[in-house]
Amino acid sequence: MITLKENELYQEIELFVDGEKIGEAEIEVKSKMLSRLSIFPPYQNKGHGTQIVDMLNKKYGCEVLWVNADNKSAIHIYEKNGYVISEPTMYLMKCVR
């Protein structure tokens with residue numbers, strides 16, 4: 001059973017399965033944005049991410065999030081929960097001089 005433990009001051013959320021911490025998340029409540037989700041490696045690829053994103057969406061009404069373009073497993077989880085890739089609005093730039 002997955003339970004959420006919230007820190008109201010920072011909207012940081014600790015994620016637990018059967019009392020064992022499996023990851024963390026952060027929600028920007030005013031902007032309805034899932035701003036960070038991390039599932040610890042031993043708990044990845046077990047369906048927890050999909051379930052957690054669904055729970056967070058239902059509780060906070062998250063409408064947007066940021067994800068690295070090369071994080072295919074996270075993109076898959078978010079797409080399963082109804083997110084679609086929008087046009088890029090930010091670019092990583094490196095100085096080459």
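Just so you know, all these numbers are worked out from the coordinates, no wet-lab data involved. In this text the structure is predicted, and so the values were computed from the model without any measurement. Positions of Cβ are generated from backbone atoms using ideal geometry, with glycine treated the same way; all protein chains shown enter the neighbour counts.
General remarks:
- Amide H contacts of Ile22 (H built 1.01 Å from N, in plane; Pro and chain starts excluded): Leu15, Phe16, Val17 sit under 5 Å, all sequence-distant by 5 or more or on other chains.
- Phi to ³J(HN,Hα) by Karplus 6.51 cos²θ - 1.76 cosθ + 1.60 over the stretch 71-86, Hz, x for Gly, Pro: 8, 4, 5, 5, 4, 4, 4, 5, 5, 4, 9, x, 7, 10, 6, 9
- Within the same chain, lysines fewer than 8 places from Lys46 are excluded, and of the rest, those with a Cα less than 28 Å from its Cα are Lys5, Lys21, Lys32, Lys58, Lys59, Lys72, Lys80.
- Modelled label reach - Ser38, point 7 Å along Cα→Cβ, the stretch 62-83 residues with backbone N closer than 15 Å: 68
- Dipole of the chain [Lys/Arg +1, Asp/Glu -1 at C-beta], most positive-end residue of Pro41, Ile52, Ile2: Pro41
- Projecting the Cα atoms of Leu92, Gln11, Asn81 onto the charge dipole of the chain, computed from C-beta unit charges around the Cα centre, puts Leu92 farthest toward the positive end.
- Here the stretch 32-77 is treated with +1 on each Lys and Arg Cβ and -1 on each Asp and Glu Cβ, and its dipole about the Cα centre works out to around 120 debye.
- Hull shadow area, averaged, the stretch 1-93 [alpha-carbon convex hull, nm²]: 6.6 nm²
- In a simple Cβ point-charge model (Lys, Arg +1; Asp, Glu -1; nothing else charged), the chain has a dipole of about 300 debye relative to its Cα centre.
- Relative to the longest principal axis of the Cα atoms of the chain, the long axis of helix 48-60 makes an angle of roughly 90 degrees.
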